[in-house]
Amino acid sequence: MSDSSPARPAAVVLDVWCELQCPDCRSALADLGALRARYGDRLEVRLRHFPLEKHKHAFAAAQAAEEAAEQGKAWPYVEAVLGRVEELGREGEPLLIDVARELGLDAGEFDTALIDGRHILIVDADQAEGKAIGVTGTPTYVIGGERLDGGKSQEGLRERIEEIADRLLAEGASGS
């Protein structure tokens, strides 16, 4: 079946370098939700992992987020874990399994994934790429080749992301 509708411009990509034990990343959720609501499928928000050494459960949480993605609930899982960063700091991996269960995911698979390390390469690759482009803290946003550091302050970042996204979308629409 052919689709005769005009080609839609490609979505603008917003990479969000995040770690799931980071209070600043939790604060960024409201902005990310507002951006997703404003742009819908014209903005592809991609979670990129950047676990910080100071948070001992961040690496396991990144792996768990990848398992949630595999099971089709990446963002609900990320939002649920970020909503409980203090608990994650106290409880560690058992909380990651509990959140999976609460969201109706296969908690047994989460446990197995954390043991067998099936998602470690994805987390390592994200972290290496982040370091290569100068990410030092979380959240850090990359859109249109511009890096915005949200670890220092979230102030004005959503507006700046919107400016860049609007410009890129306008350029994409005029370029077709």
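All of the numbers you see were taken from the coordinates with simple rules; none came from a lab. It should be emphasised that the depicted structure is a prediction, and the values quoted were computed from it without experimental measurement. Cβ sites come from the backbone with ideal geometry, for glycine too, and all protein chains shown count toward neighbours.
Test of the criteria: in region 102-158, which trypsin sites (Lys or Arg not before Pro) are in a DSSP loop and have at most 15 other Cβ atoms within 10 angstrom of their Cβ? Please list the in-between numbers first.
Numbers: sites: R118, K131, R147, K152, R158; in loops: R118, K152.
Those satisfying the criteria are R118, K152.
Looking only at L96, L82, L121, which one moves most when the chain is put into a Gaussian network model with springs between Cα atoms under 10 Å?
So, out of L96, L82, L121, the one fluctuating most is L121.
Over region 12-163, what is the percentage of antiparallel beta bridges among all DSSP beta bridges, to the nearest 5?
Details: 8 of 15 bridges.
Antiparallel: roughly 55 percent of the beta bridges in region 12-163.
About its Cα centre, what dipole magnitude does region 12-163 give when the only charges are +1 on Lys and Arg Cβ and -1 on Asp and Glu Cβ, stated in debye to the nearest 20?
Numbers: 18 positive and 30 negative charges, 76 e Å.
So the dipole magnitude of region 12-163 works out to roughly 360 debye.
Report the residue, chosen from R84, R26, R101, that carries the largest GNM mean-square fluctuation when the chain is represented by alpha-carbon nodes joined by springs under 10 Å.
Comparing R84, R26, R101 in the GNM, the peak value goes to R101.
Let me understand region 12-163 better: what is its radius of gyration from the alpha carbons, and its Dmax, in angstrom?
14.7, 43
Evaluate the relative contact order of region 12-163 (contact order divided by residue number), counting alpha-carbon pairs under 8 angstrom at least 6 apart; express in whole percent. If you can, show how the numbers build up before the last one.
On the way: 211 pairs, mean separation 49.8, N = 152.
Dividing the mean separation by the residue count of region 12-163 yields 33 percent.
Per DSSP H run of n ≥ 4, the term is -39500 (n - 2.57); total these for the chain, divide by its residue number, and report the mean residue ellipticity at 222 nm rounded to 500 deg cm²/dmol.
Working: 8 runs with 97 residues, N = 176.
Result for the chain, helices only: -17000 deg cm²/dmol.
³J(HN,Hα) across region 100-108 via Karplus (A = 6.51, B = -1.76, C = 1.60, θ = phi - 60°), whole Hz, x for Gly/Pro?
Ordered by residue, 3J(HN,Hα) equals 4, 4, 4, 8, x, 8, 7, 4, x Hz.
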